[in-house]
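Encoded as C-alpha cells, the structure appears first; notes follow it.
Read-outs throughout are calculated quantities, based only on the coordinates presented, and are distinct from any laboratory measurement. Values in this document were obtained by computation on a predicted structure and should not be read as measured data. For neighbour counting, all protein chains shown are included, and Cβ atoms are generated from backbone atoms with ideal geometry for every residue, glycine included.
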Amino acid sequence: MSAQPAENPDSARDSLEALRTEIAKAVVGQDPAVTGLVVALLCRGHVLLEGVPGVAKTLLVRALAASLELDTKRVQFTPDLMPSDVTGSLVYDARTAEFSFQPGPVFTNLLLADEINRTPPKTQASLLEAMEERQVTVDGTPRALPDPFLVAATQNPVEYEGTYPLPEAQLDRFLLKLTVPLPSREDEIGVLTRHAEGFNPRDLHAAGLRPAASRADLEAARAAVSKTAVSAEITGYVVDICRATRESPSLTLGVSPRGATALLSTARAWAWLTGRDYVIPDDVKALALPTLRHRIQLRPEAEMEGVTADSVITSILAHVPVPR
C-alpha cells in the first residue's frame, strides 16, 4: 500500500522520521547516514558515501528508494566506463532512418554511483552537469532529469590502486560526505541474526520494507524547510566558520562560498527535522562535519602529523565564537 500524501508540514516530518524505522528493517546501525541522505533529499543535494566494502552502502540507498517509492538505478564505475554509459546516447533506428536518444541510467530519482573513484576523470565529469544543472546535454540538446534527483556515490577509503581521486570541482558538487563505519559488536550480531533468520538483502519487499513517505511528503517538507528562519547572527556564524578554514595553517584549501551556502542549507533542513522553524548554532555544528569535510584540503606536512579534515573542522568549531 502506498504512503498517504502529506497534508501539512508536521505530517511530512512524521513521514520522513518514519523512514528511519523502515530503513532499519534492512540496514542496522547506520542512523547518521540515513539522516544525511534525508537531509540531502530535502536540500536537493548529492551525497558521497565513504566506507570499506561490506558496510551496506548500496543496501542503504536501495532501502531509501524503496521507503520513498523512488526509482533507483545503479552504475558500477570501472576504468572502461564511458560517459555515454551514464548519460545515454543517440542510437540509429534503421526502420525510421533517424537517430533517437536512448536515456542512460542517470535518468532516475536515486542514482547509485558505485565506486565512483574507479573511473577516469572524463567519465566522472559526465555527472557534473547532471548534478549541478539537473539535465543532460547530448548532441547539443538539453534533457531534463526527473525530480527528485539525487546522486549517491560510494568510494572505498583504503584501496587506492586503480583509482582516480575526485577533483575538487566535483567534490564541491556533493552536498554531504558521509562516512559509513563498521558496525558495533551489538549491531554486527544483529546483522548476522537477521541473515540466519532468512533475510535476503536482494529482496527488500520480503524483508517487510514498505513506502513510509510519498513524493508529496517530500515536496511539503522541502517547502517547509525553505521557510525555516535564519537570523543574521546564524548567517554570520556560518560565514565565520568557513572563513576560519581559509586561514587555517593546516589547510591549503578552505571552504568556498558554495560550501558556506551548503552548510546553511543543511542546518535549515536539520532544524526542521528536529521540530523547529528556526536555526540555532547547534544545527550548524551538527552538520558542519559532513557538509565541510570534503571541501577542504590538508597540507602534506599536516597529514604526516596525523591531522585529519574532521579534526581541523572540530577545532575551528571549538574556537569560532558562538552567537548568543
Among [x] -0.18, -0.51, -1.40; [y] -0.25, -0.63, -1.26; [z] -0.22, -0.62, -1.47, which is the computed log10 I(q)/I(0) by the Debye sum over Cα atoms at q = 0.06, 0.10, 0.16 Å⁻¹? [z]
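Any chance you could tell me what percent of the C-alpha pair distances in the stretch 195-293 go past 16 Å?
So the pairs more than 16 Å apart make up 64 percent of the total in the stretch 195-293.
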Taking the chain as a Gaussian network, Cα atoms linked when under 10 Å apart, which of Thr193, Thr137, Thr123 shows the biggest mean-square fluctuation? Thr193
Convex hull volume per residue for the stretch 30-71, taking Cα atoms only, in Å³: 74
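What is the mean projected area of the alpha carbon convex hull for the stretch 87-195, to one decimal in square nanometres?
Averaged projected hull area, Cα only: 10.7 nm².
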Only Lys, Arg, Asp and Glu count, each charged at its Cβ (+1, +1, -1, -1), so figure out the dipole size of the stretch 93-220 about its Cα centre, rounded to 20 debye. 180
Which pairs break 27 Å Cα to Cα here: Lys73/Lys227; Lys25/Lys73; Lys73/Lys122; Lys57/Lys227? Lys73/Lys227; Lys57/Lys227
Take the stretch 18-126, compute every pairwise Cα distance, and split them into 10 Å bins from 0; I just need the percent in each bin. 13, 38, 30, 13, 5, 0
Give a quick list of chymotrypsin sites (Phe, Trp or Tyr not before Pro) in the stretch 133-185 that DSSP marks as loop, anything other than H, G, I, E or B, with at most 16 other Cβ atoms within 10 Å. Tyr160
Please tell me the relative contact order of the chain in percent, rounded to the nearest whole number, where contacts are Cα pairs under 8 Å and at least six residues apart. 24
Using a 10 angstrom cutoff on alpha carbons, build the Gaussian network for the chain and name the most mobile of Gln170, Gln102, Gln297. Gln102
Principal semi-axes in Å for the stretch 242-313 [√(5λ), Cα gyration tensor, largest first]: 27, 11, 8
Let me spell out the model: positive unit charges on the Cβ of Lys and Arg, negative unit charges on the Cβ of Asp and Glu, origin at the Cα centre of the stretch 61-127. What dipole size does that give, in debye rounded to 20? 120
Simple SL model, points at 7 angstrom along Cα→Cβ for Glu219 and Thr193; separation in nm is 4.2
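If you stretched the chain out fully between Glu69 and Arg44, how much longer would it get, using 0.36 nm times the residue separation minus the C-alpha to C-alpha distance?
Net length gain for the segment: 7.3 nm.
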Pick from Asn200, Asn156, Asn117: which is most flexible by mean-square fluctuation in a GNM of the chain where alpha carbon atoms under 10 Å apart are linked? Asn200
